[in-house]
Number of protein chains: 2
Amino acid sequence: MSERLYLFDTTLRDGAQTTGIDFSLADKIAIASLLDQIGIDYVEGGYPGANPLDTEFFAQKRTRKAAFTAFGMTRRAGRSVANDPGIAALLEADADAICFVAKSWDYHVHVALEISLEDNLAGIRESVAAAKTRGREVMLDCEHFFDGYKANPDYALACAKAAYEAGARWVVLCDTNGGTLPEEVARIVTEVRKHVPGENLGIHAHDDCGCAVANSLAAVEAGVRQIQGTLNGLGERCGNANLVTLLATLALKQPWAERFALKAGVDELARLTQVSRALDELLNRAPNRHAPYVGASAFATKAGIHASAVMKDPRTYEHVDPAHVGNLRRVLVSDQGGKSNIRAELERIGISLDKDDPRLNRVLEEVKRKESQGYAYEGADASFYLLVKRVLGEVPGYFLVDRFSVNVERRYNAVGDLTTVAEAIVKVMLDGEVMISAAEGNGPVNALDVALRKDLGKYQRFIDDLELVDYKVRVFQGGTDAVTRVLIESRDRDGDIWATVGVSPNIIDASFEALLDSIVYKLVMRGAPA
Amino acid sequence: MSERLYLFDTTLRDGAQTTGIDFSLADKIAIASLLDQIGIDYVEGGYPGANPLDTEFFAQKRTRKAAFTAFGMTRRAGRSVANDPGIAALLEADADAICFVAKSWDYHVHVALEISLEDNLAGIRESVAAAKTRGREVMLDCEHFFDGYKANPDYALACAKAAYEAGARWVVLCDTNGGTLPEEVARIVTEVRKHVPGENLGIHAHDDCGCAVANSLAAVEAGVRQIQGTLNGLGERCGNANLVTLLATLALKQPWAERFALKAGVDELARLTQVSRALDELLNRAPNRHAPYVGASAFATKAGIHASAVMKDPRTYEHVDPAHVGNLRRVLVSDQGGKSNIRAELERIGISLDKDDPRLNRVLEEVKRKESQGYAYEGADASFYLLVKRVLGEVPGYFLVDRFSVNVERRYNAVGDLTTVAEAIVKVMLDGEVMISAAEGNGPVNALDVALRKDLGKYQRFIDDLELVDYKVRVFQGGTDAVTRVLIESRDRDGDIWATVGVSPNIIDASFEALLDSIVYKLVMRGAPA
């Protein structure tokens, strides 16, 4: 009989501490939905009451499958639970569970909180009890637990016990500074289990020693049954335990897979690569090619001697089958893997080609050629669709952009203020006719977009409701030359969203290509006449 | 008495398998010298005889302190050692040590090598003995050792014993596919030690489960005394064990620091951050901000409540002192932080303000105002420095950009090819004089950058060596208006790198602001006259 193991995601709370990351409400909603796709048990959404964004995020439940969890501090010193606005905000949040945080290192209680050790314990007891009375599943993050345990084991244990005895479902042992190593984690968890049952214990590890994943595994081995972590290991400093890696290991590797049952099944696991990359897309970060399980290079073989052996029998060179996590094998000498990959991708966007169809090779060649120039189609389905349809000769030449020109000028205007004006001119040929449109915009890409869509003659009615919703830029160093990749997301009034990509050394050129693809895609999908 | 532990670097051999990495001879020489700076015991330089580059690299000894190690296969089946050109190339290399590799998984011997198990063992014995006779320190990498041990423990052990009995100083247990987890590593190493002494055993781990560092530590705990790894964890697929992380942990963390002696002393350790980043510089990769110990964010605190506690006593929020590894403490400026964050940040960039200084409030107000507009200073130290200096009235108005204009035009050129041309005009006022410069570029930002720096009169000599190294764009949806944030990284010939930020609805405007900050920062730092 396998035991149940629980995964708790804190991307939206501890992950928000990552340097350079600044979630919007839309980001948070999108990430909660990603987490629901991979079978996470608890999604910690943030800190309602601490800032307007998190309060708004908690105005409604944002997960369909995971327990939606609010985070906050135990009651303040000198206040009753009923009189603490922080507690009130937590209880008002539309959440399934509440995760309190309290210090469990005596030194921090003295120096950071400046309250008595007993007052801190009372705060834990009363806060946990209050949330439980209100029908929430309750947990306590014991901040600095491992350092606290080393300094004063009795007090650290007293904090854990206070929460457990007040009715907390989970008591989470946090390695807040990330300095604890696996053996120490195992030793201390073993001690704690003498006071709180393992099925009520969780682990929260940070990667400051490069051991967050191993620390989490060591804690489970020693008896805890909840693991906290983040997507792609986001988090303050060196990040939190990477839940993507842990989920794959726990589901696919022995003895874990045999010993433990997860909420995630085969389907959830197969979405892991896609979800991991979607998060990076959302944050406009380059995905880590070398990430365990989900990185683009995680199953790539470069060595010549290995490559031929991989072809003979992949299992002897791969510790797991990449398909289980939705990733792909990459053997640089082979077209065979590439072809089946492409077929799978085509099927996903609704194009079916027989595996012996010679056009499949032409599509593969074109994808390789484009990728070598810097194109990436993972986040640009509409451009990928057009690429394939162009190879198949199924995209009409609706119109031709003969010329465009964009000008941005900053100067002092008539009343002496510094202003910047962007304007664009686009010359389009359509059915033998020449149409020139000009427009101003709040930037060069906006001006170009407006000018391009101002007058497309008979096609105008097909794209009238098209709207730009996102624009992302990434610059690569390809040798000595920088190449710019632009990703554009468009939307129409039906709520349909599609993404296109453009690549060029020139950002305006790259943007224009993505804008053009966006329009052409809509014309194809709406069956505009050639 | 502490026991000696040996570090073996394979950046130049296994690290060369990293996707996208292609070392030149100059790269290899530079990296060998970096490794000498941080007290590595063995530097594996490559595979002499396998390719001209590695043969040339081994024409002379490339390390001053570390044992320079050549890598190659044991003798081929059906050949004597004396008649094997591969062995000859290894023996001719100007190396202190030779590391042979041989398969220790019976399945691979059958399928990949297609030779008998006994022939493989004879190859190990004869190759090790031959190298030892020639006065080299000899070691054997047992490829696929852990998978091999699980499939056929007797044969895997026979390979290890064959090398040891033939005189190998080190028998290295390789987790070639990276699929072994810490507990399994510990269990198998414990078994192997019954046949080969721990002081002759090494571990070679890969990061496919995110456990390469923990696996290495588990192996040492179980008795091995040599660790193989790479700088920054370079390597095929998910990379090798990160020697930078391991060196810091072994030198600074208990019980390791107490139990083991390393070649690296205090001075070598203090160079760790610099060496880690120098490698990325050499490879033209952005350093991982979140790398344990050496990442720019490894000791960065974002949360306001934490920040004030860090100021009170950093040791309670840092598992080691960043200075030991040559890194810096950072308290991030962000809307989550308050006055104590700002003061800590000011101190870091060399500006000291008393906590009651009224200008501190003005700085904080200005930071908040800017951040509400979309500025982010976490990745833009130079702009933050200028912001503060401007509030303090300490930035001279060196020159004034009166006007700029950028034009991007796409059209068919005289021979009928579609081309895009970007050009910029910048009008600068300096000491009452007007200077107009124009330039072409491969995009609008490049054209603007070149035009702006073409003629700055008496300031020209201060910025002649300035160079753009990175350009990043993020677009936010602020209601209906999109705001663009541009981050620019610049470098000068001293290797100094600084980052600036610009924000505007117009990407050209935002880029211009960041470019301008980059120049002004350099003028301030170089003490250019007002």
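The values are calculated or read from the model by the stated rules, or taken from the named source; none is laboratory data. In this text the structure is predicted, and so the values were computed from the model without any measurement. Cβ placement follows ideal geometry from the backbone for every residue including glycine, while neighbour counts extend to all protein chains displayed.
Brief remarks follow.
- Region A:84-102, residues that are over 29 Å from the mean Cα position of the chain (by Cα) and in contact (Cβ under 8 Å) with a residue 40 or more places away in the chain: A:I87
- Taking the numbered list (1) within 13 Å of chain B (Cβ to nearest Cβ); (2) touching a strand residue (DSSP E or B) at 6+ places or on another chain (Cβ under 6 Å) in turn, A:A261 passes all entries but (1).
- Residue within region B:484-502 that is touching a residue at least 24 places away in the same chain (Cβ under 8 Å), surrounded by fewer than 18 Cβ atoms within 10 Å (Cβ to Cβ) and either closer than 16 Å to B:L387 by Cβ or within 14 Å of chain A (Cβ to nearest Cβ) (or both) present: yes
- Exactly one residue out of A:G72, A:G15 is more than 29 Å from A:D119 (Cα to Cα) and within 14 Å of chain B (Cβ to nearest Cβ), and it is A:G15.
- Those residues of region B:424-444 which are of a type outside the set (V, I, T) and within 10 Å of chain A (Cβ to nearest Cβ), in sequence order: B:A424, B:K427, B:G441, B:N442, B:G443, B:P444
- Selection status of B:E184, within 14 Å of another protein chain (Cβ to nearest Cβ) and farther than 25 Å from B:K263 by Cα: yes
- Residues that are surrounded by fewer than 23 Cβ atoms within 10 Å (Cβ to Cβ) and touching a Lys or Arg at 6+ places or on another chain (Cβ under 8 Å) were ranked within region B:510-527; the one that is farthest from the other protein chains (Cβ to nearest Cβ) is B:V524.
- Within region B:249-266, residues that are surrounded by fewer than 18 Cβ atoms within 10 Å (Cβ to Cβ) have Cβ atoms under 8 Å from residues that are part of a helix (DSSP H, G or I) in these pairs: B:A257/B:L250; B:A257/B:A251; B:F260/B:V220; B:F260/B:L250; B:V266/B:H324, counting only partners at least 6 apart in sequence or on another chain.
- Region B:404-415 residues that are facing chain A (nearest Cβ under 7 Å), paired with ones that are buried (at least 18 other Cβ atoms within 10 Å of the Cβ) and among the aromatic types (F, W, Y) (beta carbon under 6 Å, 6 or more apart): B:R410/A:F404
- Residues in region A:371-408 that are part of a loop (DSSP other than H, G, I, E, B), over 24 Å from the mean Cα position of the chain (by Cα) and buried (at least 17 other Cβ atoms within 10 Å of the Cβ): A:V395, A:Y398, A:F399.
- Extreme residue, nearest to B:E378 (Cα to Cα), among residues of region A:259-282 that are of a type in the set (D, E, K, R) and modelled with pLDDT of 95 or more: A:R271
- Some residue of region B:308-318 being within 10 Å of another protein chain (Cβ to nearest Cβ), more than 21 Å from A:V101 (Cβ to Cβ) and modelled with pLDDT of 85 or more: no
- Any hit, region B:213-234, residues being surrounded by fewer than 24 Cβ atoms within 10 Å (Cβ to Cβ), acidic (D, E) and more than 9 Å from chain A (Cβ to nearest Cβ): no
- Residues that are within 15 Å of A:H108 (Cβ to Cβ) and in contact with a Lys or Arg (Cβ under 9 Å, 6 or more places away or on another chain) number at least 1 in the following helices (runs of 4 or more DSSP H) confined to region A:123-193: A:145-151, A:153-165.
- In region B:447-469, the count of residues that are assigned to a strand (DSSP E or B), polar (S, T, N, Q), more than 32 Å from the chain's Cα centre (by Cα) and more than 10 Å from chain A (Cβ to nearest Cβ) is zero.
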